[in-house]
Every structure is written in structure tokens, then in C-alpha cells.
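J.: Input: one structure, supplied below.
The values are calculated or read from the model by the stated rules, or taken from the named source; none is laboratory data. Because the structure is a prediction, the values reported are computed rather than measured. Cβ: placed from backbone, ideal geometry, glycine included. Neighbour counts: every protein chain shown. The area values use the complete protein model at the heavy-atom level, side chains included, leaving out ligands, DNA and RNA. Shrake-Rupley method; radii C 1.70, N 1.55, O 1.52, S 1.80 Å.
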Amino acid sequence: MHEITLCQQALELIEQQAHLHRVKRIVGVWLRVGAFSCVESSALQFCFELVCRGSVAEGCELHLEEQQAECWCRDCNAYVQLLTHRVRRCPSCGGGDLHIVADDGLHITRLEFEQE
């Protein structure tokens with residue numbers, strides 16, 4: 001389960017920002033989960049709550065935004081949404097020259113906090 005490692009790394013970044021901005025407590029965290037990240041949202045939620053115990057982010061509200069599997073089709077020159085990451089053909093034209101636009105990472109997009 002790599003979700004625990006991702007949450008630990010996210011918490012490190014959150015704590016760095018909290019220290020830098022003299023934040024008393026983090027009350028909300030927004031994470032964007034890449035379409036190709038292979039992250040299970042329920043496991044991420046559980047692990048995030050677990051790693052935040054005893055930290056500046058304990059009890060904060062976690063908001064997850066799941067990115068769509070988006071590609072650029074070079075055959076029909078259009079952005080297309082894939083229903084699964086295993087698709088190798090454009091759903092619009094059937095072409096096979098797809099360039100992945102969605103990523104495979106986890107990004108902190110927003111923090112909400114209480115100032116000291």
C-alpha cells in the first residue's frame with residue numbers, strides 16, 4: 001500500500017508550509033489525485049487521517065479531487081477522456097497516437113489554516 005508513503009510525504013510538505021507561515025493548525029487540505037496514480041481514494045483517506053495524528057494537520061478535512069484520464073489524440077487533434085487507463089485507442093476516432101495529459105502523481109492544491 002503506497003498510500004501511506006504518499007500521505008507521509010504530503011504531511012512533510014504540509015508541516016513545512018505550516019512552519020514557514022507560522023500556522024497554528026491546518027483545517028483543510030485539498031489533494032488532486034492523478035488519473036494514472038493507482039491510488040485508492042478510500043485507502044488514501046484512511047492513511048491521511050492516520051499519519052496526521054499528533055501533527056498540525058490532525059483532524060483536518062481532506063478534500064480529494066480525482067483527475068480524469070485525459071489524453072491528446074494526435075490523429076484527430078482533440079482532447080479525449082478515457083474511461084480506463086488501459087485504453088490504447090482514441091474513443092472519438094479510433095486512432096492509436098495518444099499522448100497522456102493526465103499525470104500519475106498526487107498534488108497538494110490548497111491548504112486552509114488557522115494563523116497563530
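J.: For the chain, max minus min Cα coordinate along each principal axis, in Å, sorted largest first?
T.: The principal-axis extents, from largest down, are 55, 27, 17 Å.
J.: Next up: When only the heavy atoms of the protein chains count and the probe is 1.4 Å, how do His19, His2 rank by accessible area, highest first?
T.: Numbers: His19 150, His2 80 Å².
Final ranking, largest accessible area leading: His19, His2.
J.: Here's another thing I want to ask about it. How much accessible area per residue does the chain have, counting only protein heavy atoms and a probe of 1.4 Å, in square angstrom? Write down the numbers at each step before the final one.
T.: Details: 7420 Å² over 116 residues.
That works out to 64 Å² per residue.
J.: Spit out the partnerless Cys residues in the chain, using Cβ distances under 4.7 Å as the pairing rule.
T.: Cysteines of the chain left without a disulfide-compatible partner: Cys38, Cys52, Cys60, Cys71.
J.: Through the Karplus equation 6.51 cos²θ - 1.76 cosθ + 1.60, θ set to phi - 60°, convert the phi angles of region 105-113 into ³J(HN,Hα) values in whole Hz; use x for Gly and Pro.
T.: So the Karplus estimates, Gly and Pro as x, are x, 10, 10, 7, 9, 7, 10, 10, 9 Hz.
J.: Compute the distance in nm between two label points, each set 7 Å from the Cα along the Cα-to-Cβ direction, one at Ile100 and one at Glu12.
T.: Output for this residue pair reads 2.3 nm.
J.: Tell me the relative contact order for the chain as a rounded percent, counting alpha carbon contacts under 8 Å between residues six or more apart. Intermediate results must be reported in sequence, preceding the final value.
T.: On the way: 214 pairs, mean separation 42.3, N = 116.
Relative contact order of the chain: 36 percent.
J.: What figure, in Å² to the nearest 10, do you get for the accessible area of Phe36 with a 1.4 Å probe and non-protein molecules left out?
T.: Its accessible surface works out to 40 Å², give or take rounding.
J.: Next up: Of all the stretches in the chain, which is the longest one without any exposed loop site, taking trypsin sites (Lys or Arg not before Pro) in a DSSP loop (any state but H, G, I, E, B) with at most 16 other Cβ atoms within 10 Å? Intermediate values should be presented prior to the final figure.
T.: Details: sites that count: Arg22, Arg53, Arg74, Arg86, Arg88, Arg89.
Within the chain, the longest run free of exposed trypsin sites (Lys or Arg not before Pro) spans 23-52.
J.: Turning to a different aspect of this structure: For the pair Ser42/Arg74, report the inter-label distance in nm, with labels modelled 7 Å from Cα in the Cβ direction.
T.: Those two pseudo-labels are separated by 4.0 nm.
J.: Okay, moving on. If we count every other residue with Cβ under 12 angstrom of Gly34's Cβ, Lys/Arg +1 and Asp/Glu -1, where does the sum land? Let's see the in-between values first.
T.: Values: positive: Arg32; negative: Glu65, Glu66, Glu70, Asp103, Asp104.
Once all neighbours under 12 Å are counted, the net charge is -4.
J.: Ignoring ligands, DNA and RNA, please state the percent of accessible area on region 34-116 from carbon and sulfur, probe 1.4 Å.
T.: C and S atoms contribute 45 percent here.
J.: Next question, about the same structure. May I ask for the angle, rounded to the nearest 10°, between helix 3-20 and the longest principal axis of the chain, with both axes built from Cα atoms and the value confined to 0 to 90°?
T.: The angle comes out near 50 degrees.
J.: Tell me, what is the 1.4 Å probe accessible area of Leu64, in Å² to the nearest 10?
T.: 60 Å²
J.: Still on this structure: So for the chain: antiparallel DSSP bridges make up what percent, rounded to the nearest 5? Present the calculation step by step, with values, prior to reporting the outcome.
T.: Details: 17 of 23 bridges.
Antiparallel bridges make up about 75 percent of those DSSP assigns within the chain.
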